[in-house]
Amino acid sequence: MNLTVHIPDNLASRLSAAGGDLSRRALEAFALEEFKSGHLTKPELRELLGYETRAALDGFLKAHAVFEEYTLDDLEQERRDFSRLGL
């Protein structure tokens with residue numbers, strides 16, 4: 001699907017002058033908001049943005065200050081797993 005967004009010329013010029021591909025910036029902003037809202041999973045976000053690796057997606061998320069929630073329960077589960085593996 002292609003999506004067209006109308007931006008007045010004077011604003012498009014100013015926004016383009018800020019650097020980067022304006023279409024890519026719009027796609028990234030849209031995709032990031034959809035991910036943060038829970039409408040996209042990490043694999044879907046990766047596909048939408050065209051990243052080949054999880055590491056590339058993780059770098060994108062880190063650059064935009066989006067971090068996965070990590071709870072004390074997660075820590076305890078990892079500790080149990082490592083113990084069971086003898087690590």
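So the values come out like this:
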| quantity | calculated |
| --- | --- |
| Mean-position separation - Cα centroids, the range 1-46 and the range 52-78, in angstrom | 22 |
| Cα long-axis angle, helix 54-63 against the chain (0 to 90 degrees, to the nearest 10) | 70 |
| Entry for Cα extents along the principal axes in Å (calculated from the structure that is shown) out of (i) 62, 27, 23; (ii) 67, 22, 15; (iii) 52, 23, 19 | (i) |
| GluC sites (Glu not before Pro) within the range 30-63: DSSP coil, no more than 15 neighbouring Cβ in 10 Å | Glu52 |
| Longest segment of the chain lacking chymotrypsin sites (Phe, Trp or Tyr not before Pro) that sit in a DSSP loop with at most 13 other Cβ atoms within 10 Å | 1-66 |
| Rounded to whole Hz, the Karplus (6.51, -1.76, 1.60) HN-Hα couplings of the range 71-84, x for glycine and proline | 9, 4, 4, 4, 4, 4, 4, 5, 4, 5, 4, 5, 4, 4 |
| Angle between the chain longest axis and helix 22-36 axis [Cα atoms, degrees, rounded to 10] | 40 |
| For Leu40, residues with placed amide H under 5 Å, excluding near neighbours | Phe35 |
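Just so you know, all these numbers are worked out from the coordinates, no wet-lab data involved. As the structure is a prediction and not an experimental result, all values here were calculated from the model. Ideal geometry is used to build each Cβ from the backbone, glycine not excepted, and the neighbour counts take in all protein chains shown.
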